[in-house]
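For reference, the structure is listed below as structure tokens.
The values are calculated or read from the model by the stated rules, or taken from the named source; none is laboratory data. Bear in mind that the values here come from a model prediction, so they are computed numbers and not experimental data. Counting neighbours? That spans all protein chains shown, and the Cβs are built from the backbone with ideal geometry, glycine included. Side chains included, ligands, DNA and RNA excluded: accessible areas come from the protein's heavy atoms. Shrake-Rupley method; radii C 1.70, N 1.55, O 1.52, S 1.80 Å.
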Amino acid sequence: MRKNLIKLNCINYFIIIIALNVCFSNNFTLALLSKFGDGGKVNEQSQITTITDFQYMENLLDVNYFYNDNFQVYTQLEYTSPPLIGFYNNAFDKIVKKYYLEYINDKYNIKVGDLSYLSGYGLAINTYQDQTLDYDNMLRGVETKYNLNDDISIKAIIGAGRYNFRSVAS
């Protein structure tokens, strides 16, 4: 029942996006990354090593919508059951993994949502997402940039993030 509801809501989501694309005749892109595997997992605890059956399935769908070269809407949907690394993500309320809205013009930029930000060659701040490592230190907040002229711009970022780490138990 719940899986049917998830499928129905996803279908409705895509129908709305495609209808918007047709109505406004703008740029719309989709990118799908699917990973799945079936094999064995090595479990090492103290001096005993065991191998158990292991299966994983991960699906990432990136949806981009551009409007008039100034406005962008991005969302990343993730369905993992079970994941290769990390946490299960198979409930409908957790499928939307990343999103942002961005407005760009010659004088200023505004971005609201999940922020991938680099400043000072990464020495001051560097936020990004790496799916292969299950690493994500992106902030959810607001980023602004105001261009005074061709050489001088003012940037500001505010947001909050949730940071997790994994380590091998000793």
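Which one is farthest from I110 (Cα to Cα) among residues in segment 133-151 that are within 22 Å of the chain's Cα centre (by Cα) and open to solvent by 100 Å² or more (accessible area, probe 1.4 Å)?
In this case the residue turns out to be L133.
For segment 19-45, give me each residue that is open to solvent by 60 Å² or more (accessible area, probe 1.4 Å), within 20 Å of N70 (Cα to Cα) and either modelled with pLDDT of 75 or more or of a type in the set (V, I, T) (or both).
Selection gives V22, N27, L30.
Report, by residue number, each residue of segment 93-123 that is in a loop (DSSP other than H, G, I, E, B), modelled with pLDDT of 80 or more and surrounded by fewer than 13 Cβ atoms within 10 Å (Cβ to Cβ).
The answer is N105, D106, K107.
Does E78 fit the bill of being in contact with a Leu (Cβ under 8 Å, 6 or more places away or on another chain), open to solvent by less than 70 Å² (accessible area, probe 1.4 Å), modelled with pLDDT under 90 and in a strand (DSSP E or B)?
It is true that E78 is in contact with a Leu (Cβ under 8 Å, 6 or more places away or on another chain), open to solvent by less than 70 Å² (accessible area, probe 1.4 Å), modelled with pLDDT under 90 and in a strand (DSSP E or B).
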